[in-house]
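> For reference, the structure I am asking about is given below.
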Amino acid sequence: MVNKKARIRLRVLIFSAILCALSVVLGQYLSIKIGDSIRIGFGSLPVLLAGYLFGPWIGLLVGALSDIVGCAVYYGLGSMIPLVTVGMMAEGFLAGLFAKKKTPLKVVFSVALSRLVGTALLRSLGLYLRYQMPAELLLMRVVCVVIEIVLMAILLTYLLCRNQTVQKVLKGWTAE
């Protein structure tokens with residue numbers, strides 16, 4: 001018979017793997033592309049959710065694995081940009097710092113902070129250093145990030161703070 005702690009760890013592992021796969025699909029295949037360099041996507045949403053549900057270190061790992069797997073599947077490992085991976089890791093980690101008490105204000109603040117640091121700053125810097133993206137494209141990325149922040153904040157606030165059914169289901173996965 002498997003003890004309770006082992007079952008919880010297995011649940012976290014399974015749900016983290018699901019969130020990682022969902023991040024790859026949302027980020028690489030279900031994004032709205034604007035030109036060749038800009039896209040609006042929700043690949044960070046599962047990474048943020050991993051941080052909120054399981055804490056900063058699991059969020060960091062899901063962010064790292066999501067970016068590595070997504071890059072390997074979509075572009076090939078040779079095209080990986082380490083600073084982009086660090087940006088995804090930062091998003092999951094920063095979201096996890098706000099995991100204890102999920103109030104709507106904290107969710108909105110943490111989505112904004114993690115997306116601005118992880119995507120607008122670190123990932124954009126990585127793309128600039130790798131491809132020398134012009135300032136106009138980097139500014140357009142920031143505009144897209146702000147749009148994503150608004151949409152993700154609304155969705156995560158609803159899922160984590162308002163929807164009782166979702167909260168009951170998630171509690172079964174995360175409760176000790």
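Quick note: the coordinates plus some simple rules give every number you see, no bench work behind them. Please read these numbers as outputs of a predicted model, since none were measured by experiment. Positions of Cβ are backbone-derived with ideal geometry, glycine not excepted, and every protein chain shown enters the neighbour counts.
> Roughly what would the spin-label model give for TYR29 and LEU121, points 7 Å off Cα along C-beta, in nm?
3.3 nm
> Could you work out the pair-distance distribution P(r) of the stretch 42-134 from its alpha-carbon pairs, with 5 angstrom bin width and percents rounded to whole numbers?
3, 17, 24, 24, 16, 9, 5, 2, 0
> To continue, here is another question. Any idea what % of Cα-Cα pairs in the chain are farther than 21 Å? Write out the running numbers ahead of the final one.
Working: 7018 of 15400 pairs.
When every Cα pair of the chain is considered, 46 percent fall beyond 21 Å.
> By a straight-distance test (C-alpha under 23 Å), which lysines pair with LYS5 as possible cross-link partners, with residues fewer than eight away in the same chain excluded?
LYS100, LYS101, LYS168, LYS171
> Between GLN132 and MET80, what is the spin-label point distance in nm, taking each point 7 Å from the Cα along the Cα→C-beta axis?
The two pseudo-label positions are separated by 2.6 nm.
> On a 0 to 90° scale, report how tilted helix 135-157 is relative to the longest principal axis of the chain, with both axes built from alpha carbons and the result rounded to the nearest 10.
20 degrees
> Something else about it: Could you line up CYS161, CYS20 from fewest to most neighbouring Cβ atoms inside 10 Å? Could the numbers behind the result be given before it?
On the way: CYS161 16, CYS20 22.
In order of increasing Cβ crowding within 10 Å: CYS161, CYS20.
> Give me PHE93, PHE15 ranked fewest to most by other Cβ atoms within 10 Å of their Cβ, as a rough exposure proxy.
Working: PHE93 23, PHE15 20.
Ascending Cβ contact count within 10 Å gives the list PHE15, PHE93.
> Order by neighbour count: ARG7, ARG39, fewest other Cβ atoms within 10 Å first, most last. Don't jump to the answer; show the numbers that get you there.
Values: ARG7 12, ARG39 16.
In increasing order of surrounding Cβ atoms, one gets ARG7, ARG39.
> Sticking with this structure for a sec: Would you mind checking the tilt of helix 164-174 against the longest principal axis of the Cα atoms of the chain, expressed as 0 to 90 degrees and rounded to 10?
Approximately 80 degrees, to the nearest ten.
> Further question: Can you tell me the orientation of helix 44-54 relative to the chain, as the angle in degrees between its alpha-carbon axis and the longest Cα principal axis, to the nearest 10?
Tilt of helix 44-54: around 30 degrees.
> Next question, about the same structure. Over the chain, what is the mean sequence separation of C-alpha contacts under 8 Å (at least six apart), divided by residue count, expressed as relative contact order in percent?
Values: 262 pairs, mean separation 40.8, N = 176.
It rounds to 23 percent for the chain.
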